[in-house]
Amino acid sequence: MDISSVLQGGYHHPLARTWQGRRQLTKSMLMYPIFITDDPDASVEIASLPGQRRWGINKLEGFLAPLVKKGLQSVILFGVPLKCEKDMRGTPADDPSGPVILAIKKIRELFPTVYIACDVCLCEYTDHGHCGLLNADGSIDNSPSVDRIAQVAVSYARAGAHCVAPSDMMDGRIKGIKRGLIDAKLGNRCTLMSYSAKFASCMYGPFRDAAGSAPSFGDRKCYQLPPAAKGLARRAIQRDTTEGADIIMVKPALPYLDVISDAAELAPDHPLACYQVSGEFAMIHAGAAAGVYDLRTMAFEAVDSMIRAGATLILTYFTPEFLDWLDN
């Protein structure tokens, strides 16, 4: 055997194996998605998302305190309004007494070290369930949608969010939000994380169950990216970096590792996030429950693939487990 053929000496030991990765998962790379509802005392199990719940603001201290003690450093909030009156403009999205703004203030008060991101979209708050405002024929009216989404983002930033993360995929919304933050004198106090390459995936089902955000008609294929559209994803990433995004995100993660890799190439000076979406999480749980693999082993393998592709920030429902697993 030729000398250059012998590789196993470099990874024969468990510690040496960790050195073979260019980057290792750390607690600071984890952002935990949590669902906040408008029942302040809610703690409601989400059947399609194992171990996840909808939380009311009065339950946040008991829920988050043990996680913060274990090393939780960041969360992203999703509003789940169940009592409000929805309308075509998504008016409840930035209601000062709504679940997201109340949760921002509560978490800032209880856990001042926790970094708070907020998903910015209208779908949970519109009566039609789409991510923007509509024309008379039911198609997206892009410009007023961008204006409304920017208003919501600025409202979250004013309430104390450290980061706003628009997930709507409207054209030009990054520029619109950035201008809104600057005009509100918040441009240098709030991170703008863009869902730059968000695909029209079948893997959002459990999330839509959790957030009650399924569209009442049609689908989102005219604004979320086609799954095969690699070139379009690259263009969207480049557009959002030019428009002022501070962090780039790819969503979903596991089926789009090539796009994560492309984003790392196209935006090498930006933090790169990926979202291990609800369907990925549920799929890994289902395989483990069926005895196909060990849950912990598969969870690490999936996230390691994202890091290998170039991700530096992982949004995952496995965050509570990883906080334990990374200590053992």
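The values are calculated or read from the model by the stated rules, or taken from the named source; none is laboratory data. Every value quoted in this text rests on a predicted model; they were computed, and no experiment measured them. Here Cβ is always computed from backbone atoms with ideal geometry, including for glycine, and neighbour counts include all displayed protein chains. To get the accessible areas, we keep the full protein, side chains included, count just its heavy atoms, and leave off ligands, DNA and RNA. Shrake-Rupley method; radii C 1.70, N 1.55, O 1.52, S 1.80 Å.
Numbers at a glance
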{"quantity": "Total residues in the stretch 276-308, condition open to solvent by 20 Å² or more (accessible area, probe 1.4 Å), over 19 Å from Asn328 (Cβ atoms) and assigned to a helix (DSSP H, G or I)", "calculated": "6"}
{"quantity": "Single residue of the stretch 244-270 satisfying the filter (acidic (Asp, Glu) and open to solvent by 40 Å² or more (accessible area, probe 1.4 Å)) that is nearest to Val75 (Cα to Cα)", "calculated": "Asp246"}
{"quantity": "Matching option when the condition is surrounded by fewer than 17 Cβ atoms within 10 Å (Cβ to Cβ) and over 26 Å from Gly176 (Cα atoms), among Lys105, Lys70, Lys59", "calculated": "Lys70"}
{"quantity": "Residue satisfying all of: in the stretch 177-189; surrounded by 15 or more Cβ atoms within 10 Å (Cβ to Cβ) and either in contact with a strand residue (DSSP E or B) (Cβ under 9 Å, 6 or more places away or on another chain) or of a type in the set (Val, Ile, Thr) (or both); farthest from Asp141 (Cα to Cα) among these", "calculated": "Leu181"}
{"quantity": "Among the residues listed as Ala311, Ala273, the single one being in a loop (DSSP other than H, G, I, E, B) and open to solvent by less than 10 Å² (accessible area, probe 1.4 Å)", "calculated": "Ala311"}
{"quantity": "Count of the stretch 47-84 residues which are assigned to a strand (DSSP E or B) and aromatic (Phe, Trp, Tyr)", "calculated": "2"}
{"quantity": "Failed condition for Val44, given (1) open to solvent by 40 Å² or more (accessible area, probe 1.4 Å); (2) at pLDDT 85 or above; (3) part of a loop (DSSP other than H, G, I, E, B)", "calculated": "(3)"}
{"quantity": "Some residue of the stretch 77-93 being at positive phi and at pLDDT below 95", "calculated": "yes"}
